[in-house]
Number of protein chains: 4
Amino acid sequence: MTQARRHHDPEVKAFASDNYAGVHPEILEALALANGGHQIAYGDDVYTEALQEVFHRHFGPAAEVWPVFNGTGANVVGLRAMTSPWEAVVCAESAHINTDEGGAPEQSAGLKLMSVPTPDGKLTPELIDRQAWGFGDEHRAQPRVVSISQSTELGTLYTPAEITAVAAHCHELGMLLHLDGSRLINAAAALDVPLRALTTDAGVDVLSFGGTKSGLMFGEAIVVLEPSAVRGLIYLRKSSMQLASKMRFVSVQFEALLAGDLWLRNARNGNAMAARLAAAVRDVPGVTVTRAVEANAVFAVLPPEVAERLRKRFRFYTWNEATGEVRWMTAFDTSEADVDAFAAAIAEEMAGR
Amino acid sequence: MTQARRHHDPEVKAFASDNYAGVHPEILEALALANGGHQIAYGDDVYTEALQEVFHRHFGPAAEVWPVFNGTGANVVGLRAMTSPWEAVVCAESAHINTDEGGAPEQSAGLKLMSVPTPDGKLTPELIDRQAWGFGDEHRAQPRVVSISQSTELGTLYTPAEITAVAAHCHELGMLLHLDGSRLINAAAALDVPLRALTTDAGVDVLSFGGTKSGLMFGEAIVVLEPSAVRGLIYLRKSSMQLASKMRFVSVQFEALLAGDLWLRNARNGNAMAARLAAAVRDVPGVTVTRAVEANAVFAVLPPEVAERLRKRFRFYTWNEATGEVRWMTAFDTSEADVDAFAAAIAEEMAGR
Amino acid sequence: MTQARRHHDPEVKAFASDNYAGVHPEILEALALANGGHQIAYGDDVYTEALQEVFHRHFGPAAEVWPVFNGTGANVVGLRAMTSPWEAVVCAESAHINTDEGGAPEQSAGLKLMSVPTPDGKLTPELIDRQAWGFGDEHRAQPRVVSISQSTELGTLYTPAEITAVAAHCHELGMLLHLDGSRLINAAAALDVPLRALTTDAGVDVLSFGGTKSGLMFGEAIVVLEPSAVRGLIYLRKSSMQLASKMRFVSVQFEALLAGDLWLRNARNGNAMAARLAAAVRDVPGVTVTRAVEANAVFAVLPPEVAERLRKRFRFYTWNEATGEVRWMTAFDTSEADVDAFAAAIAEEMAGR
Amino acid sequence: MTQARRHHDPEVKAFASDNYAGVHPEILEALALANGGHQIAYGDDVYTEALQEVFHRHFGPAAEVWPVFNGTGANVVGLRAMTSPWEAVVCAESAHINTDEGGAPEQSAGLKLMSVPTPDGKLTPELIDRQAWGFGDEHRAQPRVVSISQSTELGTLYTPAEITAVAAHCHELGMLLHLDGSRLINAAAALDVPLRALTTDAGVDVLSFGGTKSGLMFGEAIVVLEPSAVRGLIYLRKSSMQLASKMRFVSVQFEALLAGDLWLRNARNGNAMAARLAAAVRDVPGVTVTRAVEANAVFAVLPPEVAERLRKRFRFYTWNEATGEVRWMTAFDTSEADVDAFAAAIAEEMAGR
């Protein structure tokens, strides 16, 4: 019997981030399944081999899947494999790679990011053109990749047509399209389209496919949709510290997520709970939902002192100190009861202000 | 029920590497224990908090533990936190950081390694002096850290006195001592000393404490024994792509390993199985054990064509193409039956050559 | 007699950049003076030693001068010495380090730049605050330095009071102030203040002092005004490929520039010629001077086809393809006759459109 | 008249390094020739254009010349253009890039160096094979370039046949050959062969051609002999801070050096003076010349206290603290009188020990 102890109350939920959640029970079950005996380390195991076929079903037969540890790793390794050292990445100013990865792209990979302010976290051909110029000019880091997020950091979604237009624009410019899909499943579920409609079919070249926020214990996947878009990925994964030795345990989690419909169930739950929350607070006087609720995030403004009191009962983050805007995230394991309790707490704290 | 399938035969073992093994059942149990409910992401969870005390028991009250994903990550982040960008790391030519991390220290962190050939993988004050010079000379990357491995890549061990002498020498030179302890548990078990005798008490400043090879699913720990030896570790862990969002699942594994005696049981088993194997093959004509068997590795020379045939039955690696030397590693889950079957196979293949 | 040949017509001038100019004759004379015999390489020569005192006269007794090769080098080495690898630099979106150094800060030094759009190339405390936040948050590269340019890339100037306010704001935030002074002499001459009024006295910590655009053959100087603001500069200059072996020839040029009033004569000429040009074209119908002419740059809009024809007679750059805005720079060697000829050409081409 | 002053005695010479020397008068003359008027910055000037043809005469019609500031820059930019971020460079342990560039290759370019001990500073196919292995193994930085020095840091020379053999071996392995030729002119002069015999004709892919040690004020040249061996050089030169704005002044110096026979005169003088010095001290009792004197360096052992006294009269460096070996370098401007005075001083100090 393990000598570790349980230190937490598994009944307590938060609305802070989908990575506050634990592991979906089916994923945990899969981990046990893959245990026992010896498997070749560093990805030559049968689980990683089997995973290729699972991804082919979702992303087409040309897709190559490269499991890594986390989202920052997936983004940095993917982008590094798409660029030469003198090339740059165009992204939204609000992109996770620009704001929330501690400078990893620049500090660990020497990647210059060229960011563009956006109204809603989404790039368009016009916005891309604000940075995608100066080709051939040695004084300018050479724009090579556009990186978009789906769903975005602001909880908004690109339609398949919008991604297709962005991809076409990139390719016309001789550039490549990268998609940070740490919450891709939420986008596909919300739009009711298969994963490939937002990626392979839309012209995305390389994808960071999110596992951790989708219900895994750990693990993300770099999915190469256009093999000619990358160079040296196998080496860069290792030298970027993203090569898991016991990789079977990353791969089997993705199999559990994607072999059947677990991804869709998880995503739909998160999305539905966000919608339920938004609906529940819309009528609370003094609370304003500030952005379209398209996936599993609700952005709202409420009085800071109310937010402060509320936070003692349910954790969540302030998104913008200046405006008092907060972000409420739901996850695969958020229940209706969780949402209702949280909505009730919001109403109570607002009433008592 | 999970939609993943079992793809492998859990009865099959190898002698290739301790990271071919899976997860110790007590670790798996601990992972389930930590599941459920929400926990603050990125290390502010109660499991990571509790882990500090567990490490204090082994490494003293000043120790700080920083969970990361893998060994390359632990080494690179630890070394980067110990150095400024103009400083260098002295290590054995055979050190894992020099030979087996795909150039990660140089390529992802800009670290210059100054390597020294050694007879047995071990550095001494005299060997360190071959590179530890030129202080204050701007034309020379400034030697700042010595990094040693325990057990070494060649399966050899430093005694506590040897580490103490190396540490004292480093400190006299104004340098710091880093220990790559991906197999530290095997060393402590073999020498029958507590973990701190090889680290804190010997003067080591920063330790990479190995989890994966000790029976975890994934996870290593940077253990800072001398807090003044590091700067910016919290930021470097993030920007080096080594910050796990659901960190509770790394931490609880280490708790399971170190709260009781699991680490010692696992290490003793690996060591005993290596000794058993060495004993079993020593009398096989044509097989020569080439190095002292001090931990869980056996190095041997046997005819290449025999090695080739044998490898079809049990996987293992050739260590040195030129000499035909092979490496046989045992793990926490290697059984007496596994060893006996392998030894029998060796004898058979040798007989049939 | 040299076996090189003269390949150009020394009478031809342009309005493209102050680095199209050659070397001021007094600088060339100084280079000859420093020649002959042997001097210790890499900066231990008597010219570099003597230069310290020359800079003390302009920047105060605490100033330390570190000659380097070029402006990119001065900026990157200076900024790198002011930061740890997890720290970032806040700058104007139009800053030279952000737009015109080929990604050198990111690619060669791993520096993250956090840029802010500005109306006129100038940062203010309010604009700085748009990026200077998140201190202590491991997910955010840590803002450590603000870098401003004087004169700016848009030809505008900070007053001493404005720089003082920016510096005070930086220091309140625990940040440092870097000044890219590739055209600092033009700013000081235009504002009719000593160099120290814009740097030492205003609270600047580290300065890139421009030599090449001031009339040198090559060479810039990192001037450390606050010694506690930098670490490892001597090593970083070498490892950033900015350590000149025959450094006496960089140092003596700066002595020639700064020991007397050559810097002021050069700067005043550039500024006066820009003013003369602006005055001359202001009345040309169809030409609009678009920005305040405060130093040695004139920005203007004129019909693209006119610009195209004009460019065949005098080289200059288009600043903004979208608006047709062009930039005309004057230099230490631009003469009244040059300006008058250029202004006449502008008028002619406009008339003939 | 310049306001700089002469601070040194142009009669004093040293035997410390060829970069203690100043500028050859013909080079200085060339600099004046290129002055005056405006030229396009950053290498689009007529001097840099004309230089291509000058290099073609020496290195063949496919050669491309890229002027840079210094030797570290030439080496790092050249090597970076020859490699992808996951690739490594094999070099002699004593190579300048490994020992004397402050870690620039690793720290500024992320390049892993794989060094090999050599008896005489020279690599051979056999020595290269000690590091050139592991192709396709993601755990090993991928050996891509071999870098050799001619003349070597130990004053030894490769014959054309030796370089040819090394190049052939590299190419068979799918690797490239880089030559650090900071003293290539001394090698060619000593071997009495044209420059191309040691480079283009021998199979070298990329060359760092030394200017500063050959009598220039500053400036080196990356010479691409095999265009397919490099990628992105134009961008890497900029982002590595090696792009001179007033490049005409680098280029015209190389024209002065190479358009006629100045390079040969300079090299022959240095070599002859080294030979003269070696001959003069060979009979001094207690002084042992330790290495073959093949170019412009003399290595010798003499009693440390004598070296100490001697150094007060003529500067030179100790090469090896442990053995007391010193290095005496001659330069283009070392005269017979200088050598005779130095040799007499050696004899005097030895006699007086």
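Within the range B:306-333, which residues have the backbone N less than 13 Å from the label spot 7 Å out from B:D9 along Cα→beta-carbon, could you tell me? Output list for this probe position: B:313-315. The simple spin-label model puts a point 7 Å past each Cα toward its Cβ; for B:D129 and D:N320 those points are separated by 1.6 nm.
Phi-derived couplings, Karplus 6.51 cos²θ - 1.76 cosθ + 1.60 at θ = phi - 60°, listed residue by residue for the range B:279-293: 5, 5, 9, 4, 9, 6, x, x, 9, 10, 6, 9, 9, 4, 9 Hz, with x used for Gly and Pro.
A simple rule links phi to the HN-Hα coupling: the Karplus curve 6.51 cos²θ - 1.76 cosθ + 1.60 with θ = phi - 60°, which for the range B:244-254 gives 7, 6, 8, 5, 3, 7, 7, 5, 5, 5, 5 Hz, with x for Gly and Pro. With Cα atoms defining each centre, the range B:191-208 and the range A:171-194 are spaced 49 Å apart in the structure. What is the distance in Å between the Cα centres of the range D:39-67 and the range A:85-122? Taking the Cα centre of each part, the range D:39-67 and the range A:85-122 sit 37 Å apart. Label positions at C:E93 and C:A337, each projected 7 Å from the Cα along the C-beta direction, are separated by 4.4 nm. So the label point sits 7 Å from Cα along the Cα-to-Cβ vector; using that for A:A345, what distances do you get to the other copies, in nanometres, sorted shortest first? When each copy's label point is compared with this one, the spacings are 5.6, 7.2, 8.2 nm. Near B:V116: Cβ cut-off under 13 Å, other residues only, Lys/Arg at +1 and Asp/Glu at -1. The net charge is -3. Computed with every protein chain present, the accessible area of B:W263 is close to 20 Å² [probe 1.4 Å].
Where the accessible area of the protein assembly as shown is counted over protein heavy atoms with a 1.4 Å probe, how much of it, in %, is carbon and sulfur? Don't jump to the answer; show the numbers that get you there.
On the way: 22770 of 43420 Å².
Ligands and nucleic acids excluded, carbon and sulfur give 52 percent.
In the assembled protein chains, B:Y42 presents an accessible area of approximately 50 Å² (probe radius 1.4 Å). Converting phi to 3J(HN,Hα) with the Karplus coefficients 6.51, -1.76 and 1.60 and the offset θ = phi - 60°, the range D:24-40 yields 5, x, 5, 6, 4, 4, 5, 4, 5, 4, 7, 7, x, x, 10, 10, 4 Hz in sequence order, with x at every glycine or proline. Chain D versus the axis that turns it onto chain B: the residue with the nearest Cβ and the distance in whole Å amount to D:E106, 2. Using a ≥ b ≥ c from the Cα gyration tensor of the range B:262-351 (square roots of the eigenvalues), is it rounded, prolate or oblate, where a/c under 1.5 gives rounded and otherwise the larger of a/b and b/c decides, a/b for prolate? Verdict is prolate for the range B:262-351.
Note: relative contact order over chain A, using C-alpha pairs below 8 Å and six or more positions apart, is 23 percent. Grouping the Cα pair distances of chain A into 10 Å bins from zero gives a pair-distance distribution of 5, 25, 32, 24, 11, 2, 0 percent in increasing distance order.
With the label put 7 angstrom out from Cα along the Cα-to-Cβ vector, D:H171 ends up 3.9, 5.7, 6.3 nm from the copy partners, going from closest to farthest.
Treating r as the C-beta distance of C:Q52 and B:R313 and R0 as 51 Å, the FRET efficiency rounds to 0.10. Relative to one another, the C-alpha centroids of the range D:126-167 and the range C:289-353 are positioned 53 Å apart. Using a probe of 1.4 angstrom and keeping all protein chains present, the accessible surface of the range B:144-257 works out to 20 square angstrom per residue.
The amide H of C:G102, built 1.01 Å from its N in the peptide plane, has A:R140, A:A141 as neighbours under 5 Å, considering only residues 5 or more places off or on other chains.
Once B binds A, the 1.4 Å probe can no longer reach about 6500 Å² of accessible area, counting both sides. The residues of the range B:3-21 listed by number as losing at least 50 Å² of accessible area in the complex, against the isolated chain and with a 1.4 Å probe, are B:Q3, B:A4, B:R6, B:H7, B:H8, B:N19, B:Y20.
The same position B:T323 in the other copies lies at 2.7, 6.7, 7.1 nm from this copy, comparing label points 7 Å beyond Cα toward the beta-carbon, shortest first.
With contributions of -39500 (n - 2.57) from each DSSP H run of at least four residues, the per-residue ellipticity at 222 nm computed over chain C stands at -11500 deg cm²/dmol.
Estimated at the nearest 10 Å², the accessible area of C:D201 is 90 Å² with a 1.4 Å probe.
Applying a threshold of 18 Å to the alpha-carbon distances of A:K246/B:K13; A:K112/C:K112; B:K13/B:K312; C:K246/D:K112; A:K246/B:K238; D:K13/D:K312 flags C:K246/D:K112; A:K246/B:K238 as lying beyond it. Using a cutoff of 8 angstrom between alpha carbon atoms and counting only pairs six or more residues apart, the relative contact order for the range D:262-351 works out to 36 percent. For A:K112, the amide hydrogen comes within under 5 Å of the amide hydrogens of A:V89, counting only partners 5 or more places away or on other chains and with H modelled in the peptide plane.
Net charge around D:A95, counting only other residues with Cβ within less than 11 Å of its Cβ (Lys, Arg = +1; Asp, Glu = -1)?
Working: positive: D:K122; negative: D:E93, D:D100, D:E101, D:E153, D:D180.
The answer is -4.
The amide H of A:G219, built 1.01 Å from its N in the peptide plane, has A:T212 as neighbours under 5 Å, considering only residues 5 or more places off or on other chains.
The values are calculated or read from the model by the stated rules, or taken from the named source; none is laboratory data. Note that the coordinates shown come from a computational prediction; the quantities given were computed from them, not determined experimentally. As a convention, Cβ positions derive from the backbone with ideal geometry for all residues, glycine included, and neighbour counts pool all protein chains shown. Surface areas here come from the heavy atoms of the whole protein model, side chains and all, with no ligands, DNA or RNA. Shrake-Rupley method; radii C 1.70, N 1.55, O 1.52, S 1.80 Å.
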